[in-house]
Amino acid sequence: MSKVNMAVNIAGVEWKNPITVASGTFGSGMEYSEFVDLNRLGAVTTKGVANVPWPGNPTPRIAETYGGMMNAIGLQNPGIDTFIKRDLPFLAKYDTKVIVNVCGKSKEDYIDVVERLADTDIDMLEMNVSCPNVKEGGIAFGQKPEALYDITQAVKKVAKQPVIMKLSPNVTDITEMARAAEAGGADALSLINTLTGMKIDVKRRTFAVKNKTAGVSGPAIHPIAVRMVFQVANAVKLPIIGMGGIATTEDALEMILAGASAIAVGTANFNNPYATVEIADGIEKYLIENQIDDINELIGCVK
Amino acid sequence: MSKVNMAVNIAGVEWKNPITVASGTFGSGMEYSEFVDLNRLGAVTTKGVANVPWPGNPTPRIAETYGGMMNAIGLQNPGIDTFIKRDLPFLAKYDTKVIVNVCGKSKEDYIDVVERLADTDIDMLEMNVSCPNVKEGGIAFGQKPEALYDITQAVKKVAKQPVIMKLSPNVTDITEMARAAEAGGADALSLINTLTGMKIDVKRRTFAVKNKTAGVSGPAIHPIAVRMVFQVANAVKLPIIGMGGIATTEDALEMILAGASAIAVGTANFNNPYATVEIADGIEKYLIENQIDDINELIGCVK
Amino acid sequence: MGKVKITAGVVSQTCIATDIYSLILKAGEIVSQAVAGQFVSVYSKDGSRMLPRPISLCGIDKEAGTLRLVYRIAGKGTNEFSKLQAGDTVDILGPLGNGFMKESGKAILIGGGIGIPPMLQLAKELDCEKSIVLGYRDELFLNEEFEPYGSVYLSSEDGMHGTKGNVIDAIKACAVTGDIIYACGPTPMLRGIKQYAAEQNIRCEISLEEKMACGVGACLACVCQTKNVDEHSKVHNARICADGPVFYAEEVEL
Amino acid sequence: MGKVKITAGVVSQTCIATDIYSLILKAGEIVSQAVAGQFVSVYSKDGSRMLPRPISLCGIDKEAGTLRLVYRIAGKGTNEFSKLQAGDTVDILGPLGNGFMKESGKAILIGGGIGIPPMLQLAKELDCEKSIVLGYRDELFLNEEFEPYGSVYLSSEDGMHGTKGNVIDAIKACAVTGDIIYACGPTPMLRGIKQYAAEQNIRCEISLEEKMACGVGACLACVCQTKNVDEHSKVHNARICADGPVFYAEEVEL
Ligand SMILES: Cc1cc2nc3c(=O)[nH]c(=O)nc-3n(C[C@H](O)[C@H](O)[C@H](O)COP(=O)(O)OP(=O)(O)OC[C@H]3O[C@@H](n4cnc5c(N)ncnc54)[C@H](O)[C@@H]3O)c2cc1C
Ligand SMILES: Cc1cc2nc3c(=O)[nH]c(=O)nc-3n(C[C@H](O)[C@H](O)[C@H](O)COP(=O)(O)OP(=O)(O)OC[C@H]3O[C@@H](n4cnc5c(N)ncnc54)[C@H](O)[C@@H]3O)c2cc1C
Ligand SMILES: Cc1cc2nc3c(=O)[nH]c(=O)nc-3n(C[C@H](O)[C@H](O)[C@H](O)COP(=O)(O)O)c2cc1C
Ligand SMILES: Cc1cc2nc3c(=O)[nH]c(=O)nc-3n(C[C@H](O)[C@H](O)[C@H](O)COP(=O)(O)O)c2cc1C
Ligand code: FES
Ligand code: FES
């Protein structure tokens, strides 16, 4: 099982295979390392981390939805100090790339975290621009092209690692956002973040998630994610990490055929903690069965 | 089972209950009348009709998705003449309100259809503004507030029946669209139309639906629809017909609690042709069990 | 009575060839109205699959009140069905579509691959002289059951059974003749048959397939292109589920 | 060996009260490591439900290699589980969470409603003098199985069984005393017990519930508010799945 090339290059960083995990669904790798040999993953993407600890939202923070779930964790995180002291040394023990997902309430917050990470040996930065934006007036950076351009530029100025801008699907035109990130100097894009949803408990006549709205993820949103990856792949030159509802080998391949250079498994981890490695094996098998030597031949091949 | 009031008033039109069907999933009522007594529905909403026959898209036009489906029927329809001659007389035999869904490639197309319907005894008009827009350069009327305002105004000028503007969910801010429709004079809103998606057949390495992109519907999208109904209900004063993934009584109640005055059953008809009447019965039962006299008390009661 | 959705009881299920299953369902209300060429929509129990799967009627036993479906595992839905056992239930909608239009004269029944099952019920219903041409890739199934109803000719791609090649090769090799062709099978086969029938000036009915959502003519998912503007659509599109699945070959573009 | 996801075989399932089921699963790898107070995540077969359902261990039989789960039908997932029969399989992940911290001294075990099941395994594991207080709405279940392990006191809302009222009413009415309380049940009950324990100056462990996604501490769905900033979160949030589900009552806000 290794006559085929599974390695992909994302903005200059070589991953041994195109599989990572979606931020926030895999902690910092520790918890799932009981199920998955992290050495088997192309990269580990961490939970979003801010410059200071964030308490997150009140519970209930999640609800199940048809074919998926919704969450409003509210980006609880222990802050960059603890993260560097505790989580990075753990991840450093593995032969996998480390992508740190960064969140913040203002441009300065993001810059703060990125600067703190500059001299660590992480491999890539992923900017979660769907965080609650307090300074700029509450709207997320991810929903206005100008704001996205701006934050991309600001982060790029201080970043020492390649910067992945993570796009929100809650927009009219995802290609406009992708182009803004590209213009701002992004090295790669990841998409999609969650789609904003709501669930009401009809028995108790109240919101199922305390925060009222919550982000929908899981297989239910996969077709929307594939469409957006396809559109973005055909609009910009940047490498794309595709995510949104990937649970099987076929789901992952769909993303790659649509134009993603790598893929992330999120909600599916909760259903099947072995999903990542099963997908890695499945893609390799697909390549062999279809006599394709190199995964890179598949990227964006459906036009 | 009739001590409770199930009747709702949508823009001056009294429906006997808050149940209709989503345009395009129920033909013009004929086909499903074998399963459902159309007299049991508050209203029947027809498939989109244009000023002339449209051939629609090449096949395959649909694909199944996780917890839903996608379609790119391409608004095939026999044109307004046949519709008036054949479908309206059929619907007139039933004691239910008739909502005609209207599509067009230019403002003139819409006006044409609306004028032709002015002197028929249909009850309401629903404008599908997600149609391919040829004249204005390809983008749908439903994705730009100015365009939506404009078409709403134009249609209202000639319409003799109350006008429902049907909103597309493929936008950054659904409330902005709702406000544009309200400002343009809409009498009611319906939402959501389908979310644009894509599915790739990884075996054949081609698009599952010939049109490449297709509209995702069904239970998978329900939480997104509930969120949008909630947001719109809290942004405008217009009555809302909620739809998107409603398959059960609970799904329908969620929409009503979120702020919809009526609901439409779409994709669920394909899974269960009796869904509409089962939901009508289910809501009535809920009212009785919860000792609520009037369905109107529930509308938008979760805040 | 018309179309109904019912919960059918599984009487029995057997695997009759690699990945091919024969399922007998107790389905009284549907059985009494059904004719050869019609189909039922079969529903998954798994909630992640909303759309029903259209499957042709391979057998209609009015006395027993049962339907027989013969299908190939093609994906997740049919895979789920293949696990059904006697005593289980499965939801079905039917009877759907129009059956074959039975005409007089000597009949040629042609079935290719998983298009073979509906021809068996047709063979039983047709009261005339019949030649039955069955095309396989390799493994045979159902062929023996056709024996009582006419002369059976086989073709197989690998040449192991009957004529090597496809059904048209078998028709030519065995000099099969008739006044009317009834056919069901993959589109390339039907295209060949349509052309052959035109050349030979034989009337020809073919049963078509397309992805379906409603199965009852409401959603316009399953159209095929027709030569003439049809009455329902006013464009060159007929609905396979409601206007078909059987069409005169000359009336549709393949 | 740690946590694993396995396909467990159903040994048996019985309905032990209205909507309450007792399920015995063959689950070797998980059984060998499990202790009272831990739980497993149980997966639906139906693909429309992605998230597993956390269910406490009511019994751990190391020799037979089986787990016992006792649960109430609360929605679609547990309804699906209630249909499982001997010979079926079900996927489970475990063992999850930390068990009760077994302390010395006379123990009071308190279970309310569907919080009763985990107390049974705890009663078996605790090697000390035990008072067992079980609170019901109306119908009894499992109470007889506690008899061998200590003095059992009942409360019921309708007063049909034991003290009319809740578990605290029973404790007071029957003058139950002890050095350490172990409790599981609905939050209002736990809140009452926490306060009672504080008043009486009795150490107190409580088992909490929250909606879960991962069950292993990765997603931060299932937090509870803690008095002190905890080591993992650096905010006042502990993960019920990974840091609990059992906490010292004084350390959490309810
Ligand atoms: C009128 C009609 C009669 C049929 N009769 C038979 C029969 O007797 N025996 C038999 O084995 N097969 C028959 N088929 C094909 C059968 O419907 C498909 O093999 C089946 O739907 C595949 O479902 P799946 O979930 O296993 O595959 P998947 O590929 O997982 O299905 C995904 C979706 O595509 C649809 N789909 C996939 N293949 C087809 C197809 N060929 N035609 C229509 N929809 C498809 C499914 O219904 C489902 O909605 C018939 C099709 C039609 C239209
Ligand atoms: C640590 C722990 C141990 C538990 N032990 C038991 C037990 O031994 N016996 C028992 O009957 N129940 C127990 N529960 C509660 C049980 O998990 C829920 O009743 C069950 O998840 C309901 O699932 P459902 O699909 O039937 O209900 P639905 O309401 O349809 O579930 C929808 C979603 O909400 C979640 N959910 C609903 N209620 C709860 C709840 N009370 N706690 C956590 N998640 C919930 C479900 O897991 C699912 O994700 C325990 C819960 C936790 C957290
Ligand atoms: C519980 C949970 C927590 C998440 N936390 C984050 C986060 O911290 N930062 C981020 O960028 N995305 C976060 N996401 C979004 C995921 O990374 C991913 O973009 C989304 O869930 C879609 O992928 P999926 O359908 O495979 O889960 C979170 C998602 C879930 C379900
Ligand atoms: C097969 C199909 C055809 C549709 N045709 C139309 C249409 O003609 N006009 C329209 O406004 N919406 C059309 N829709 C959208 C539905 O009316 C509805 O807005 C959408 O499907 C969401 O509801 P659902 O999830 O209940 O199906 C169509 C949807 C489907 C599935
Ligand atoms: S499947 Fe809906 S029209 Fe044929
Ligand atoms: S359920 Fe994920 S952290 Fe507890």
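The values are calculated or read from the model by the stated rules, or taken from the named source; none is laboratory data. Keep in mind that this is a model prediction, so the values were computed, not measured. Here the Cβ positions follow ideal geometry from the backbone for every residue, glycine too, while neighbour counts run over all protein chains shown. Accessible surface is based on the protein model in full, side chains and every heavy atom, while ligands, DNA and RNA are left aside. Shrake-Rupley method; radii C 1.70, N 1.55, O 1.52, S 1.80 Å.
Scanning the stretch A:72-120 for residues that are open to solvent by 50 Å² or more (accessible area, probe 1.4 Å) and either in contact with a helix residue (DSSP H, G or I) (Cβ under 7 Å, 6 or more places away or on another chain) or under 30 Å from D:Pro52 (Cβ atoms) (or both) yields A:Arg86, A:Lys93, A:Tyr94, A:Asp95, A:Lys97, A:Lys107, A:Glu115, A:Arg116.
Only one of the listed residues (A:Asn128, A:Asn133) is crowded, with 19+ Cβ neighbours inside 10 Å and touching a Cys at 6+ places or on another chain (Cβ under 7 Å). That residue is A:Asn128. Within the stretch C:105-120, can you find the residues that are on the phi > 0 side of the Ramachandran plot and of a type in the set (Val, Ile, Thr)? Listed by number, the list is empty, since nothing qualifies.
Of everything in the stretch D:236-254, what is out of contact with any strand residue (DSSP E or B) (no Cβ under 7 Å at 6 or more places or on another chain) and either facing chain A (nearest Cβ under 9 Å) or assigned to a helix (DSSP H, G or I) (or both)? Give them in sequence order.
Looking only at the stretch D:236-254, we keep the residues that are out of contact with any strand residue (DSSP E or B) (no Cβ under 7 Å at 6 or more places or on another chain), and these are D:242-243, D:250, D:254.
D:Ala242, D:Asp243, D:Glu250 - these are the residues of the stretch D:236-254 that are out of contact with any strand residue (DSSP E or B) (no Cβ under 7 Å at 6 or more places or on another chain) and either facing chain A (nearest Cβ under 9 Å) or assigned to a helix (DSSP H, G or I) (or both).
A search for C-beta distances below 6 Å between a residue of the stretch D:192-217 that is over 13 Å from D:Ile108 (Cα atoms) and touching a residue at least 40 places away in the same chain (Cβ under 8 Å) and any residue that is within 16 Å of ligand 2 (Cβ to nearest atom) and open to solvent by 50 Å² or more (accessible area, probe 1.4 Å), counting only pairs 6+ apart in sequence or on different chains, returns D:Met212/D:Pro54.
For (1) within 16 Å of ligand 1 (Cβ to nearest atom); (2) open to solvent by less than 10 Å² (accessible area, probe 1.4 Å); (3) at pLDDT below 95, each residue gets a yes or a no:
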{"site": "D:Tyr153", "(1), (2), (3)": "no, no, no"}
{"site": "D:His161", "(1), (2), (3)": "no, no, yes"}
{"site": "D:Ala213", "(1), (2), (3)": "no, yes, no"}
{"site": "D:Val216", "(1), (2), (3)": "no, yes, no"}
{"site": "D:Phe247", "(1), (2), (3)": "no, no, no"}
{"site": "D:Leu254", "(1), (2), (3)": "no, no, yes"}
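Going through (1) within 30 Å of B:His222 (Cα to Cα); (2) among the aliphatic types (A, V, I, L, M); (3) at the interface with chain D (Cβ under 9 Å from one of its Cβ atoms) one by one, A:Ala22 falls short only on (3). Restricting attention to the stretch A:1-36, the residues that are over 17 Å from the mean Cα position of the chain (by Cα) and not in a helix (DSSP H, G or I) total 13.
Tallying residues that are among the hydroxyl-bearing types (Ser, Thr, Tyr) and within 15 Å of A:Asp112 (Cα to Cα) within the stretch A:147-164 yields 1. What do you reckon, is A:Thr175 closer than 26 Å to A:Ile241 by Cα, more than 9 Å from chain B (Cβ to nearest Cβ) and either of a type in the set (S, T, N, Q) or open to solvent by 30 Å² or more (accessible area, probe 1.4 Å) (or both)? So A:Thr175 fits the description; yes. Just wondering, is there one or more residues in the stretch A:64-71 that are more than 14 Å from chain B (Cβ to nearest Cβ) and open to solvent by less than 30 Å² (accessible area, probe 1.4 Å)? No, that holds for no residue. Would you check if there is a residue in the stretch D:155-167 being more than 14 Å from every other protein chain (Cβ to nearest Cβ), touching a Gly at 6+ places or on another chain (Cβ under 9 Å) and closer than 29 Å to A:Asn272 by Cα? Within the stretch D:155-167, none of the residues are more than 14 Å from every other protein chain (Cβ to nearest Cβ), touching a Gly at 6+ places or on another chain (Cβ under 9 Å) and closer than 29 Å to A:Asn272 by Cα. On the given criteria, is A:Val158 more than 12 Å from ligand 3 (Cβ to nearest atom), of a type in the set (A, V, I, L, M), within 25 Å of A:Leu125 (Cβ to Cβ) and crowded, with 24+ Cβ neighbours inside 10 Å? So A:Val158 fails the test. The criterion of at least 3 residues that are open to solvent by less than 20 Å² (accessible area, probe 1.4 Å) and over 17 Å from A:Thr45 (Cβ atoms) is met, among helices (runs of 4 or more DSSP H) falling completely within the stretch A:192-293, by A:222-233, A:249-258, A:275-289. It is to be established whether one or more residues within the stretch B:233-243 are under 24 Å from C:Val4 (Cβ atoms), more than 14 Å from chain A (Cβ to nearest Cβ) and either among the β-branched types (Val, Ile, Thr) or in contact with a Leu (Cβ under 7 Å, 6 or more places away or on another chain) (or both). The answer is no; no qualifying residue exists. So which residues in the stretch A:215-232 are at the interface with another protein chain (Cβ under 7 Å from one of its Cβ atoms) and of a type in the set (A, V, I, L, M, F, W, C), if there are any at all? Within the stretch A:215-232, A:Val216, A:Ala220, A:Ile224, A:Val226, A:Phe230 meet the criteria.
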